[in-house]
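Q: I have a structure here, written as structure tokens, and I will follow up with some questions on it.
The values are calculated or read from the model by the stated rules, or taken from the named source; none is laboratory data. On a predicted model such as this, the values are computed, not experimentally measured, just so you know. Ideal geometry is used to build each Cβ from the backbone, glycine not excepted, and the neighbour counts take in all protein chains shown.
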Amino acid sequence: MINKQLTQLAAAIGVATMMTACGGGSSSSGGGGTTVAEGGNSFVVFPAAESAGVIAVRSATARAAALTEYLYKTDGTPAGTSKIVDDNNNGFEVGRYRNGYMAELDGTLYYAGKDSSGDVELWATDGTGGGTERVADIYANGSAQPYNMVPAAGKLFMNAVVEDASGVGRDLVVFDPASDTHQVLTTMVGNDGPESLTAVDGGLFFFDESASNNDVYFTDGTVAGTVKVATEAGAAPAGSPLSTYPHDIYDSAWLGYNGKLLFTGYKDATDYKTRLYELDQDGNIKEIVFDDGGSTVQLEITENVVISNDKVYFVADKGTSSTDLNIFEYDGSTVTNLSASQANKPYEDRLVGTSLGVFMYVEQAGVTPYLLRVDNTSGPAGIAASIRSTGDYSFSDVERMVEVNGTVFFAADTEGTGGSDFGTELWKTDGTSQGTELVKDIDDTAAGAGSEPFPLTFMYQVPPTVNGDLGSKYLFVADDGSDGFEPWVSDGSEAGTTLLKDISAGAGSSIID
């Protein structure tokens, strides 16, 4: 049955290549897949609840906070998926808080762990019970609740609760594995602490949203090297292309690029259009503009900014009196308009950066939904032919796109004729129309039923590095209609897409984002 459906869909898919990865490098969005590296692990760790109960519908809101979650690991095989326990067969409880509460640095996996007293502090594991322990007691009188964990410059940075002379609140904390010590780098007690931790060469940028001013900082991991480099509407350093910083700075979509920070914000109190800016570690700032045949054009950013194959891509409006959306490329010096040949300019959804190019899911009145591709894999980048479905099964939604060692997995909702709907299921592409196909109809209990797959590593702010066989496998969470949301693995084939472990036995879900 499924082979017939796949054949019908493959014949309908249209032309060209396709699709996507773990985001574009912004540390403000949650984790995606994994990153293949020689120094990575052959396993990853994740939290799971053993008695979660039946949950009918996923939500973007975290709902597992009240559940007891334990630390599990997987090497991408059912036999290698297990709970990490100590010598007394006791598990290690995870104390999740917001996003990014797990991280990987130089082969060690860190997480927000809960001890027997209920305090949540920084823990680390090597995948064994004997190698799982608390490595920092950041807030001695309670729970540090670390999150936004980001590795940079050989250290682990995080937002955590601390206590100092000013009181108790959230600050930027760095853990140095070399010395096995932690240090508080800021004194922001009273605010929500540092946000948008964005790694670059030599350290990271971060944002402090205060009642008076919103400030951008850079740190090299030391107190002396943690400095404010920008303040909203403040004066820029002498010699900078701009005399002042933006009137409003957004911290929702930051990118580290060539050692600098790319961010968006309003230009000034009279120009409430979203501009793209580049900031270096010394506070020098410039606006990213377009040279349109000798005329400088300011760009109003309308969608997210991503990185693909070492270049930056974004959607912006370059019109003055009418909307004129285009896709632009930035290589660190020059902005290029890539989409002049597109007559309808349907650029109204998020971009996704990948080694196969940049992709966007497009829904447009009177047109079958499709995936738009910017091909930058060889030669100058340009808008390539789009992947469409114009036959019995057509995309009605595409999301959660994750690249795994050259293969891109994604969740797509498809609608068919005669009630033969797949629902939201797992798809893949190798960059060709022939290689873009449904991987498996995981929840085939009824027409239109979907397994709603999403990455197993969603709790990582920065995707962990892996090696070996795990580097070619996609770890994800799905509901097959009978076992609830549980960990799965896929090698891209139907036979190789399997349940790793039914941790919460029966219809209960063990993993909920």
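Q: Within the stretch 246-269, is there a residue that is of a type in the set (Ser, Thr, Tyr), in contact (Cβ under 8 Å) with a residue 12 or more places away in the chain, closer than 24 Å to Tyr313 by Cβ and not in a strand (DSSP E or B)?
A: The answer is yes; a qualifying residue exists.
Q: Scanning for something surrounded by 14 or more Cβ atoms within 10 Å (Cβ to Cβ), in contact with a strand residue (DSSP E or B) (Cβ under 7 Å, 6 or more places away or on another chain) and either under 20 Å from Asp469 (Cα atoms) or at pLDDT 50 or above (or both), does the stretch 6-19 turn up at least one residue?
A: Looking through the stretch 6-19, none of the residues is surrounded by 14 or more Cβ atoms within 10 Å (Cβ to Cβ), in contact with a strand residue (DSSP E or B) (Cβ under 7 Å, 6 or more places away or on another chain) and either under 20 Å from Asp469 (Cα atoms) or at pLDDT 50 or above (or both).
Q: Out of (1) buried (at least 21 other Cβ atoms within 10 Å of the Cβ); (2) under 17 Å from Pro246 (Cβ atoms), the odd one out for Ile307 is which?
A: With respect to (1) buried (at least 21 other Cβ atoms within 10 Å of the Cβ); (2) under 17 Å from Pro246 (Cβ atoms), Ile307 is out only on (2).
Q: Could you check the stretch 124-146 and list, in sequence order, the residues that are crowded, with 24+ Cβ neighbours inside 10 Å and of a type outside the set (A, V, I, L, M)?
A: Pro146
Q: Sticking with this one: In the stretch 186-219, what residues are over 22 Å from Gly256 (Cα atoms) and touching a Phe, Trp or Tyr at 6+ places or on another chain (Cβ under 8 Å)?
A: Hits for the stretch 186-219: nothing passes.
Q: When the stretch 195-233 is examined, which residues are found to be surrounded by fewer than 16 Cβ atoms within 10 Å (Cβ to Cβ) and either in contact with a helix residue (DSSP H, G or I) (Cβ under 7 Å, 6 or more places away or on another chain) or under 26 Å from Ala153 (Cβ atoms) (or both)?
A: Matches in the stretch 195-233: Asp201, Gly202, Ser210, Thr222, Val223, Ala224, Gly225, Val227, Lys228.
Q: Let me ask something else. Being part of a strand (DSSP E or B) and either surrounded by 20 or more Cβ atoms within 10 Å (Cβ to Cβ) or hydroxyl-bearing (Ser, Thr, Tyr) (or both) is the filter here, so list the residues in the stretch 181-194 that pass it.
A: Those that are part of a strand (DSSP E or B) and either surrounded by 20 or more Cβ atoms within 10 Å (Cβ to Cβ) or hydroxyl-bearing (Ser, Thr, Tyr) (or both): Thr181, His182.
Q: Going through Gly293, Gly353 one at a time, which residue ends up being under 29 Å from Lys428 (Cβ atoms) and not charged (D, E, K, R)? Walk me through it before giving the result.
A: Values: Gly293 fails: under 29 Å from Lys428 (Cβ atoms).
Just one listed residue meets the conditions, Gly353.
Q: How about the stretch 32-42: which of its residues are crowded, with 23+ Cβ neighbours inside 10 Å and either at pLDDT below 85 or among the hydrophobic types (A, V, I, L, M, F, W, C) (or both)?
A: Of everything in the stretch 32-42, those that are crowded, with 23+ Cβ neighbours inside 10 Å and either at pLDDT below 85 or among the hydrophobic types (A, V, I, L, M, F, W, C) (or both) turn out to be Gly32, Gly33.
Q: Sticking with this one: Criterion first (at negative phi, part of a strand (DSSP E or B), surrounded by fewer than 22 Cβ atoms within 10 Å (Cβ to Cβ) and not hydrophobic (A, V, I, L, M, F, W, C)) does Arg170 satisfy it?
A: no
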